[in-house]
Amino acid sequence: MKIWLVTIGEPIFHPDNKLRLHRTGILSKYILENRKDVDVTWWTSTFSHFTKKQIFENTIDCKIGTNFKMIAINGGGYRKNVSFERIRDHNNVNEIFKKKILEEEKPDIIVSAFPTIGLCESAIAYAKINNIPILIDYRDLWPEVYIDLIPKPFKFLGKILLYPLIRRVNNIFLNATGVLGVTEGFLSIALRKAKRKKNQYDAVFPLGYLKNQYSEAELIKADNYWGTMLSNRAKLRICFFGAIGYQSDWDTIVTCIKIAFDQKLPVEFVICGSGDRLNELVSKTQNLDNVHFPGFVSASQIYSLMKLSDFGLCAFLSKENYLNAIPGKSIEYMSAGLPILNSLKNSELGQLITDFNIGFNYDDADSFLSVIKLALNSKFDKSQLKNNINKIYNNNFDSTTVYKNYLSHIENCISFYSEKKLKNY
């Protein structure tokens with residue numbers, strides 16, 4: 001069995017990569033370690049979306065193990081997430097992809113991550129010509145995320161301007177053999193775009209998380225790193241990992257940081273990552289000693305900090321993309337038994353928190369600070385929270401379970417499609 005995985009924007013296999021693997025990387029690792037009978041080609045980019053650096057100077061084929069090949073394409077890179085440079089990079093990657101796939105042996109199935117739109121369209125076109133199934137792994141509501149950034153009175157203009165892209169996206173889901181959603185909500189949206197009912201190729205697989213992506217020596221080094229930075233006076237610590245951009249309500253968080261400082265609450269905020277609003281946040285809190293901005297951190301540093309923290313922060317704005325998702329960072333927190341502070345009570349994550357008591361939902365700065373004060377005064381059972389989180393994680397988000405089922409579904413789709421071809425022969 002031969003599988004093509006088409007995904008850019010994730011950390012890839014490389015000796016210098018210290019970032020944790022994401023969805024395609026974890027699936028690839030699972031296959032490498034457990035299924036020598038499955039050949040995988042991962043089509044990706046030479047550019048790191050997270051560090052904004054080229055991992056390889058040129059387009060390159062990398063053989064990893066006996067049954068895995070990674071083809072990394074150089075599209076030029078970009079400095080900002082929202083930029084014409086990024087559009088150019090993605091277009092370049094797609095143009096090279098369309099040429100290079102003609103040089104490779106035909107796979108039995110393609111799994112293409114959405115976004116990006118160009119790679120999905122090219123993968124679908126190839127699958128149609130070669131009569132093979134293609135699954136679209138639906139992870140982000142795009143281009144809706146850009147419409148969400150437009151002020152409400154002008155959203156209709158955004159929908160008009162982006163209509164050509166919206167139509168292309170709808171056609172991707174219409175022409176795909178099946179759709180894999182990260183939640184039921186995402187799958188429902190995709191089927192609505194495709195104007196069809198669920199079929200045997202469609203399925204939902206959450207963003208499973210892979211633990212222990214580091215060595216013992218790296219973990220010791222990470223513990224020492226935080227030991228030199230964090231305050232011994234803090235009785236409560238809140239951590240965050242991810243993009244510091246316009247998708248999160250940072251204004252409320254900055255307000256809470258300032259109030260906690262003014263009220264001399266023994267609370268420490270550690271906000272890891274980078275993004276378009278990082279410099280603004282640093283500027284607004286520059287005179288406060290209860291917040292740190294370490295930048296990007298490694299997998300070992302993430303785990304170490306989670307073990308030293310009391311809450312993991314999910315501060316998303318109320319947008320459709322986040323209301324229908326259980327974000328990867330929330331699953332990351334759960335992997336360490338860390339309670340979640342979540343801004344979206346009416347989201348899928350908010351419902352999970354309410355139903356299974358794995359954290360707290362907040363609406364504004366007052367409710368956020370109320371949770372902090374409850375925690376400082378030991379007004380809830382932390383051990384019970386942790387037990388609940390571990391149970392939810394092990395049953396629903398453990399990477400081995402998620403990606404074993406994910407691969408089984410891919411195999412079933414190949415069988416379904418082969419049977420269909422025989423009937424039509």
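The values are calculated or read from the model by the stated rules, or taken from the named source; none is laboratory data. In this text the structure is predicted, and so the values were computed from the model without any measurement. In this analysis, Cβ positions are derived from the backbone assuming ideal geometry, glycine residues included, and neighbour counts consider all displayed protein chains.
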Residue 341 - would you say it is among the hydrophobic types (A, V, I, L, M, F, W, C), under 26 Å from residue 140 (Cβ atoms), in the same structural domain as residue 271 (by TED's automatic domain parsing) and touching a residue at least 24 places away in the same chain (Cβ under 8 Å)? yes
Filtered residue count, segment 1-28, keeping only those that are part of a loop (DSSP other than H, G, I, E, B) and among the small types (Gly, Ala, Ser): 1
Can you find a residue in segment 32-49 that is touching a Pro at 6+ places or on another chain (Cβ under 9 Å), crowded, with 17+ Cβ neighbours inside 10 Å and of a type in the set (S, T, N, Q)? yes
Considering only residues that are part of a helix (DSSP H, G or I) and of a type in the set (Gly, Ala, Ser), look in segment 322-345 and name the one that is modelled with the lowest pLDDT. 328
Exactly one of these conditions fails for residue 312: (1) of a type in the set (Gly, Ala, Ser); (2) crowded, with 20+ Cβ neighbours inside 10 Å; (3) more than 19 Å from the chain's Cα centre (by Cα). Give me its number. (3)
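Only one of 365, 375 is farther than 30 Å from residue 29 by Cβ, surrounded by 13 or more Cβ atoms within 10 Å (Cβ to Cβ) and modelled with pLDDT of 95 or more. Can you tell me which?
That would be 365, the only listed residue that is farther than 30 Å from residue 29 by Cβ, surrounded by 13 or more Cβ atoms within 10 Å (Cβ to Cβ) and modelled with pLDDT of 95 or more.
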Counted residues in segment 88-121 being assigned to a helix (DSSP H, G or I) and touching a His at 6+ places or on another chain (Cβ under 9 Å) come to 3
Going through segment 57-75 in order, the residues found to be touching a strand residue (DSSP E or B) at 6+ places or on another chain (Cβ under 8 Å) and in contact (Cβ under 8 Å) with a residue 24 or more places away in the chain are 59, 62, 64, 67, 68, 69, 70, 71, 72, 73, 74, 75
Contacts under 6 angstrom Cβ, first residue in segment 141-152 being among the polar types (S, T, N, Q), partner part of a loop (DSSP other than H, G, I, E, B) and modelled with pLDDT of 75 or more, 6 or more apart: none
Take the residues in segment 280-300 that are over 18 Å from the mean Cα position of the chain (by Cα) and within 21 Å of residue 339 (Cβ to Cβ); name whichever of them is surrounded by the fewest Cβ atoms within 10 Å (Cβ to Cβ). 292
Within segment 86-116, considering residues that are of a type in the set (A, V, I, L, M, F, W, C) and more than 22 Å from residue 28 (Cα to Cα), the one surrounded by the most Cβ atoms within 10 Å (Cβ to Cβ): 96
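Do the conditions hold for residue 51, that is, is it within 24 Å of residue 219 (Cα to Cα) and outside the structural domain of residue 297 (by TED's automatic domain parsing)?
Values: within 24 Å of residue 219 (Cα to Cα): yes; outside the structural domain of residue 297 (by TED's automatic domain parsing): yes.
For residue 51, the condition - within 24 Å of residue 219 (Cα to Cα) and outside the structural domain of residue 297 (by TED's automatic domain parsing) - is met.
When only residues in segment 378-410 that are of a type in the set (Lys, Arg) and assigned by TED's automatic domain parsing to the domain that holds residue 257 count, which is surrounded by the most Cβ atoms within 10 Å (Cβ to Cβ)?
Filtering first and then ranking leaves 386.
Go over the candidates 13, 84 one by one and state the one that is of a type outside the set (A, V, I, L, M) and in contact (Cβ under 8 Å) with a residue 12 or more places away in the chain.
On the way: 84 fails: in contact (Cβ under 8 Å) with a residue 12 or more places away in the chain.
Among 13, 84, only 13 is of a type outside the set (A, V, I, L, M) and in contact (Cβ under 8 Å) with a residue 12 or more places away in the chain.
So is residue 316 touching a residue at least 60 places away in the same chain (Cβ under 8 Å) and not acidic (Asp, Glu) or not?
Working: touching a residue at least 60 places away in the same chain (Cβ under 8 Å): yes; not acidic (Asp, Glu): yes.
Here the answer is yes, as residue 316 does meet what is asked.
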Looking only at segment 16-71, which residues are over 20 Å from the mean Cα position of the chain (by Cα) and on the phi > 0 side of the Ramachandran plot? 65
Do the conditions hold for residue 360, that is, is it surrounded by 19 or more Cβ atoms within 10 Å (Cβ to Cβ), farther than 20 Å from residue 234 by Cα and either over 20 Å from the mean Cα position of the chain (by Cα) or in contact (Cβ under 8 Å) with a residue 40 or more places away in the chain (or both)? yes
Out of the residues in segment 392-425 that are among the charged types (D, E, K, R) and free of Cβ contacts under 8 Å to residues at least 24 places away in the same chain, state the one that is farthest from residue 182 (Cα to Cα). 423
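Results for (1) under 25 Å from the mean Cα position of the chain (by Cα); (2) farther than 18 Å from residue 359 by Cβ; (3) among the aromatic types (Phe, Trp, Tyr); (4) at pLDDT 95 or above, shown as yes or no for each residue.
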site	(1), (2), (3), (4)
388	yes, no, no, yes
397	yes, no, yes, no
400	yes, yes, no, no
407	yes, yes, no, yes
410	yes, yes, no, yes
413	yes, yes, no, yes
418	no, yes, no, no
421	no, yes, no, no
